[in-house]
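Novice: If you scroll down you'll find the structure; I have some questions about it.
No lab work stands behind these numbers, since they all come straight from the coordinates. Values in this document were obtained by computation on a predicted structure and should not be read as measured data. Neighbour counts run over all protein chains shown; Cβ positions are idealised from the backbone, glycine included.
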Amino acid sequence: MHVIDRREALKSLGVGTVSAWFGGLTLSSSSLAQAHTGNSTAKPFPLRDVRLLESEFSAAQARNARYLSDLDADRLLHNFRVNAGLEPKAPVYGGWESQEPWVDIRCHGHTLGHYLSACSMHYAATGDETFKARVDYVVAELAECQKAGKTGLVCAFPDGAEQLERSLRGEEFAGVPWYTMHKVYAGLRDAHVLANSELALEVLVGLSDWAWRVTEPLSDAQMQRLLDREHGGMNEILADVHVLTNDPKYLRLAERFSHRALLDPL
């Protein structure tokens, strides 16, 4: 059996198709690869080609949709707007998104990333335009935050970029900032791939360029020491950005975010 690699899998997907899980990797479509089908016998297919019949599965899908519909995007966006110097439109949610008692976990904003991915997936799986509208609203808000922030970074941490900066300097830091940022990156990728948002790709590229700039001064050895502490799925998402843009610098950055102590023994 021929096992397809990430690039082959990405090339096998057409314009406007979707992410799927294949061999533990996220497979994203690329407009650059629309004419390529590869030689693989195994082909991923888009979520839009599957509709659930009445069953326990469609019931679970409906429950999930109701939950997503109950969430207030402006509350999830609260800290992003604060960090960009913008007035928030709604009070922040409690729990992991609040200052206390979760401040030391530093995963503020990851819920928005998951929400953006979930709404994008539901739109792709059902064609429900209300979820497309939710995706477009969140992406537009993040684009506004990115423009106001002027660095390319959009984040919801209560102390802004401080923990990311401490990580980059090789200092002790709190929580899981890179894990959290990966969720925001992934939400933007899914908004582009699954919900056809071109603006999401623009914001994603800006966020990836920020990561390139702040890590460029670090040697490979310094990057590995950073990864010894925490890195989330940054290599995965940056590999996807490389495929979506065909820019080799994002592949290089994905390689630099790959933790050799973990991957080399595999």
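Novice: With a 10 Å radius around each residue's Cβ, average the other Cβ atoms per peptide and rank 178-184, 85-91, 145-151, 133-139, highest first.
Specialist: Listed from highest to lowest mean packing, they are 178-184, 133-139, 145-151, 85-91.
Novice: Evaluate the distance, in nm, between pseudo-label points positioned 7 Å from the Cα of Arg166 and of Asp49 along their respective Cα→Cβ axes.
Specialist: 4.8 nm
Novice: Contour minus end-to-end for Asp247 and Lys147, with contour as 0.36 nm per residue of separation and end-to-end as the Cα-Cα distance?
Specialist: 33.8 nm
Novice: OK, next. Once Rh is set to the Kirkwood radius over Cα pairs, what Stokes-Einstein translational diffusion coefficient, in µm²/s, holds for the stretch 174-247 at a temperature of 20 °C and a viscosity of 1.002 mPa s?
Specialist: Using the Kirkwood radius from Cα pairs, D works out to 166 µm²/s.
Novice: Which one of Ala186, Gly175, Cys107 has its Cα pushed farthest toward the positive end of the charge dipole of the stretch 91-228, where Lys and Arg give +1 and Asp and Glu give -1 at the Cβ?
Specialist: With unit charges placed on the Cβ atoms, the residue in question is Ala186.
Novice: Straight distance only, please: which lysines reach the Cα of Lys150 with their own Cα at less than 24 Å, same-chain residues fewer than 8 apart left out?
Specialist: Hits, sequence-local ones excluded: Lys89, Lys183, Lys249.
Novice: Using 7 Å Cα-to-Cβ label points, what is the Glu202/Asp159 separation (nm, one decimal)?
Specialist: Rounded to a tenth, the inter-label distance reads 3.4 nm.
Novice: A follow-up question, please. Taking 0.36 nm per intervening residue step and subtracting the Cα-Cα distance, what contour gain separates Leu218 from Tyr67 on full extension?
Specialist: Between Leu218 and Tyr67, full extension yields an extra 50.1 nm.
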